[in-house]
Amino acid sequence: MDWPFSLKSRRRSISRQAVIRLAISLGLFVIALSYTSALLYKMALNKAAHERAADLVAFYQFRLTQLERDWELQTRDFKTRIEFTRYLEDPQTDSINLRAFFTIQGGGARFYQFLVLDKNGQTRFAMRKDGQFSNPLKQNQSNGWYREPSTGKLYRVFLEPIWMGNSGVGKMLAFFPVDNALLYQLASPGVILIARYQNESVASSLGSEGLKHHTVKSETIERRELPWTNELEAPKLEIEAPVKTIFSTLELSIGAGMIPFVDALILWFALGTWLMLQTRRIKALGGAVAEFSQHQEVTSSLKQNIRQAQAGNVDEIHDVAVAIESLAQQTVEQRLQHVREEEQIRLWSSVFQSSAESIIITDRDNKIVAVNPAFQRRTGYLQEEVLGQNPRMLSCGREQPEFYAAMWQSIKANGFWQGEIWDSDKAGTSHPYLMTISSVHDDAGEITHYVGYYTDISERMRSDEELKQHRDHLEELVAGRTLALEDANQKLTLQSNLLISREADLHRAQAVAKLGSWRLDVSNNSLYWSDETYRIFGLPTDVRMNYELFLLAVHEDDKMQVDQAWQAALQGKPYDIEHRIVVAGKIKWVREQAELMFDEKGNLLDGIGTVQDITEKKQMEEEVRQLAFYDSLTKLPNRRLLDDRLGQAMDASKRSDCYGALMFLDLDNFKPLNDTYGHALGDLLLIEAAERLISCVREIDTVARFGGDEFVVMLSNLDADKAKSTSQATIIAEKIRSALANPYFLIFKHRNEPEKTVQHHCTVSIGVTLFMHSETPESILKKADMAMFQAKETGRNNIHHYDELS
Amino acid sequence: MCQLGSGVCLNIKIYATGDGMLIKFTNFVISALLISLSHAALAEERIVVSVPGPKNISYLPIDLIQKLGFDRDEGVKLLLLHTGGGAVALNHLITRNADFAVAGLPAAMSLRANGGDVVAVAAVDDAPLFVLMVRISLKTKIKRISDLKGLVIGVNTSTKNSKTTSQQLAELLLKSGGVSLDQVRIVPAGQNWEEQSSLILSGAADAIMGDEPFASRLLAEKKVFFLANLSQPESVKNIPGTHFLHAALETRSDVIANTPQKVEKMARMLQRTLKWIASHTPEDLVAKLEMSNADERSALLVSLKKYRHAYSIDGKFSTRQLKETEIFFQSSSEGDSNAQALRLETMVDDRWIGRSH
């Protein structure tokens, strides 16, 4: 919906108005601020300039006073010095002497001119000969000013009386130049000094150029004039100091440019953005209203406008936006409700007209107000014939008054009644109906109408009778079949119990044999384990097994072997393997066998296998091996294993070219112990001796029991040098000899007697021989044995090396 | 209203009525004449030159400028400020009493080394003319430099921050003769006849590192004898850089920057004067100076004839002579780090005069 034409034609955007007013405000603000800033800046400058000028005046007043005093003192000083020299007392030489005096004393640097006048005022001495200098002072004047006519230079003149001997008291005049140099030295940095005498510039701290300079008037210079002395004719000292600007021109330019910019920014951010936001929100409100006016719907565009209007604070605009949205929604909903109601009325009318069921509507007094065409078809009455009638006219008289009383009671209590009723048509034929009566209420809950639905149930009543007959027949059939099923079920229960019993027997048998079984079904990828298999693997029977879980239980060192065997089995090879598994930290040995079934293409169908716990068998095999290679008493390798190790050491010697050594040991003084205390104590000594021997050699060396009290120690991989190898073997042999020579404390208990400790001394005779790969084990042993006999021969508890020559 | 460059304003009204065109024309001509005359008079530029002297032979060209009228040719009012030494002249320059100074270049270097703003713009001399003269009464005692121990020696007056060339030379001579500076008393002797002669005649000084023609005049009057003469190589053979450039025209950098026309005019006046001297006889020069004192005139003529090549012929700097000057200055200022670091080229501006080899 467009805005009214007259309004639209005059319409001006609120945001535009806001921008214009903002711009005008900003402009006025900037002008006011700039003007105020400029005024303040100028006032600050003026104040600073005045203060500085006042300071400068005070400073130069002080400096000029000092200068005057200094000049006066210098004049008196020179007077005193000249009088001291007494040069002036001799008119013949005074001039030359005084000139030399002034030259050496640096008079030229102090005065521009120095005159000495006699009492008649005649010049007796002039320091300089150039210029036109004379006494400018009046009677009784001790100082004054003199402007030299040829150069126009100004001088401060000081007069002092001076003693001239026979000539009496004369006068001396010192002329101090008020020149550029003086002002240059007086001027502080940035300050220009100009001496003005009788309104004419006579000297400047800037030099001759400065004499022109002072005529330039400028607001940037603060100028003050100061009388040199209090005398009327005294020159004026003009002090020019640049007005110290707080900011340079560049800074001012930047500042002048920046102030409006910054002001604009501040105003924009402080007010402008807020104002723009509000105008946008108001504009959005307008847009929302326009959108609703145009479409009469809560469109996404309207919602977007409402959201824009709501943005920001919860304020009046926000409230208006909420109200507009609510109003629009309510309007739309009401319209929809209206449309729905109309639609429903149309629908109900259609239903009423086209319904196959007979419908009758009465007013609250039970007078028929409407019937549908189906009613007219069923009863044969036209609508005009029944309007205003009581539905009682349709009663065939089969129902009793109590029936109707209950019906009306139900309608009043529940607003609803349903039941079977017999009515007659216009022709007087009675028909059964399923009738539903509902009461219709107004908003106040008062009954306004009753609506009755008639459903002809003549056909249904016939069908119900037929169904009843079929059901009775079926029930008879089911009863017969049930008896047969119960009989069959009894037989199946018996067979099932038998199967369960057989399976339990199988489990027991597997447990006895420690033989578990498993079955692999590829079709459903399941691995079935028997109870015994779970027990062997130490797993609970509810664990669902697979190949990976099985592999986890396999000993780490055997996993590869098992997996390779299984992969081979999958290729059709027999699966029969013994390996270790780890159950609760303990190692078990199992033997696994399997038979796998494949289809014609070689794909695995299923498999069945056994797992047998063979741990005990393996332990027995290990014990047998121990008995075959180790001495059962000392647990040392026996002669058989020694031969094997000796063979290995000779092979190693062949590879490394290093010597090995073999020691043949025989315990001295062993037999008396056996004879005295019996074989049990002798066995204890042999065990102790074996332990001492093991402690004396390296891990790679072999200590074997050769038989009785004879031991063999084999040292391998000693050195390529024979002498060094001999030395190493000797060191170890000595270590052994020393270890075995220590006393033995043997503790034994004889039947029911208390424990007893026997101390026994026992030494050893050791025969040593070196060997390499070129010899036979027998010859090596023989050489060591011979060397041992030599040791015995030489008094026992000895070590003897086999000597080839002997 | 007419605003003139000098700042003086003349109110000129030209009436253009119908009758009296002649009167109007006459008024116009007179007004124009007045303007031009006033402008000429007011435009006369004032140049102040501080220079040792007067009538010191080393600085005579400056005295001659006015006599030759070259200042008027340039529209310049030349004011000479005579001082007792180059250092004092330089002090007048840096304290703004003068626009230019004519002083010994070594003295100017001494000032520059002490922070003074001084720039050399033209050469005045060609040969340094200094004479170490001794009172005649000491002739029997003083035979060589080493005999000066215990005496009073006068030199051109130095200042606090600049040592005159004369003093630098005297110190070098004394050192070369084995006399240390604490074995003599050095006093200022000025740089004109009155000062130098008075020191000798009064006995205030026993010897002076003096200038010509005063030394020759005192010699002629038998008041002194010469112990060393810079123009005689055998007497200064142990002094390095004895062919240094003595008198030169110097100014400040602000004068160059603010009033370059002044420098241009001053350099041109000096150059013309030097060329005049080179093309005239000593007699012409002395006559031009219009000296009233006969003795003074005579002494100057003797000196000018004696030192025929005392002056630069064109004011150009000589690279060789600048090198000699630097050597002399470095030798005379041993132990002074600022002086040793100073390079003469940094204070020479030859744009107006030029340079020769």
- Among B:K262/B:K288; A:K171/B:K149; A:K573/A:K618; A:K671/A:K749; A:K367/A:K426, the pairs whose Cα-Cα distance exceeds 29 Å are A:K171/B:K149
- Item | Inter-centroid distance (Cα atoms) of segment A:96-172 relative to segment A:645-684, Å | 140 Å
- Quick one: if you stick a label point 7 Å off each Cα along the C-beta vector at A:N524 and A:Q648, how many nm between them? 5.4 nm
- Note on the structure: Fewest to most Cβ atoms within 10 Å: A:E532, A:E343 sort as A:E343, A:E532
- Globularity index of the protein assembly as shown, i.e. its alpha-carbon radius of gyration over 2.2 N^0.38 Å: 2.24
- Ranking B:V224, A:V19 by Cβ neighbours within 10 Å, fewest first, what do you get? A:V19, B:V224
- Computed lengthening from A:A584 to A:E548, 0.36 nm per intervening residue step minus Cα-Cα distance: 11.2 nm
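For peptide B:77-85, what's the mean number of Cβ atoms from other chains within 10 Å of each residue's Cβ?
3
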- Relative packing of A:586-593, B:213-220, which averages over residues the other C-beta atoms within 10 Å, highest first: B:213-220, A:586-593
- Over all residues in B:194-201, what is the mean tally of Cβ atoms on other chains that come within 10 Å of each residue's Cβ? 6
- Set the Förster radius R0 to 35 Å, insert the Cβ-Cβ distance between A:R335 and A:Q389 as r into 1/(1 + (r/R0)^6), and round the FRET efficiency to 0.05. 0.30
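Under 12 Å from the Cβ of A:N143, count the other residues' Cβ atoms, weight Lys and Arg +1, Asp and Glu -1, and hand me the total.
On the way: positive: A:R69, A:R76, A:K138, A:R156; negative: A:E68, A:E72, A:E160, A:E231, A:E233.
That works out to -1.
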- Task: Report the extension gain between A:E622 and A:T65 in nm, rounded to one decimal, defined as 0.36 nm multiplied by the number of residues separating them, less their alpha carbon distance.
- Result: 187.5 nm
- Taking the Cα-to-Cβ direction at B:K139 and at B:N238 and moving 7 Å from each Cα, how far apart do the two end points lie in nm? 2.5 nm
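Determine the shape class of segment A:634-805: with a ≥ b ≥ c the square roots of the Cα gyration tensor eigenvalues, call it rounded for a/c under 1.5, and otherwise prolate if a/b is greater than b/c, oblate otherwise. Don't jump to the answer; show the numbers that get you there.
Numbers: a/c = 2.36, a/b = 1.95, b/c = 1.21.
Taking the square roots of the gyration eigenvalues as a ≥ b ≥ c, segment A:634-805 is prolate.
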- Which aspartates and glutamates, on any chain, are close to A:K722 with Cα under 16 Å apart, when same-chain ones fewer than 8 places away are left out? A:D657, A:E775, A:D803, A:E804
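Cross-link list B:K223/B:K316; A:K236/B:K67; A:K153/B:K316; A:K79/B:K305; B:K163/B:K265; B:K141/B:K316: which exceed 32 angstrom alpha carbon to alpha carbon? Mind dumping the intermediate values first?
Values: B:K223/B:K316 37 Å; A:K236/B:K67 36 Å; A:K153/B:K316 34 Å; A:K79/B:K305 43 Å; B:K163/B:K265 29 Å; B:K141/B:K316 44 Å.
B:K223/B:K316; A:K236/B:K67; A:K153/B:K316; A:K79/B:K305; B:K141/B:K316, as the Cα separations exceed 32 Å there.
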- Query: How high is the FRET efficiency from A:D505 to A:T541, r the C-beta distance, R0 25 Å, rounded to 0.05?
  - Reply: 0.90
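For chain A, what does -39500 (n - 2.57) per DSSP helix run (n ≥ 4), summed and divided by total residues, give at 222 nm, in deg cm²/dmol to the nearest 500?
Details: 23 runs with 398 residues, N = 806.
Value at 222 nm, helices only, nearest 500: -16500 deg cm²/dmol.
By how many nm would the segment from A:S458 to A:S326 lengthen if fully extended, with 0.36 nm per residue of separation less the alpha-carbon distance?
Taking 0.36 nm per residue and subtracting the Cα distance, the gain is 41.9 nm.
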- Item | Mean Cα-pair separation over length for chain A, i.e. relative contact order, pairs under 8 Å, 6 or more apart, % | 5 percent
- Scalar couplings 3J(HN,Hα) for segment B:341-357 by Karplus 6.51 cos²θ - 1.76 cosθ + 1.60 (θ = phi - 60°), nearest whole Hz, x for Gly and Pro, are 7, 6, 10, 4, 4, 6, 10, 10, 10, 9, 5, 8, 10, x, 8, 10, 7
- Spin-label point model (7 Å from Cα, Cβ direction): what's the A:L277 to A:I687 distance in nm? 9.8 nm
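Coordinate-derived values only; no laboratory data. No experiment lies behind these values; they were computed from the predicted model shown. All Cβ positions, even for glycine, are placed from backbone atoms using ideal geometry, and neighbour counts span all protein chains on display.
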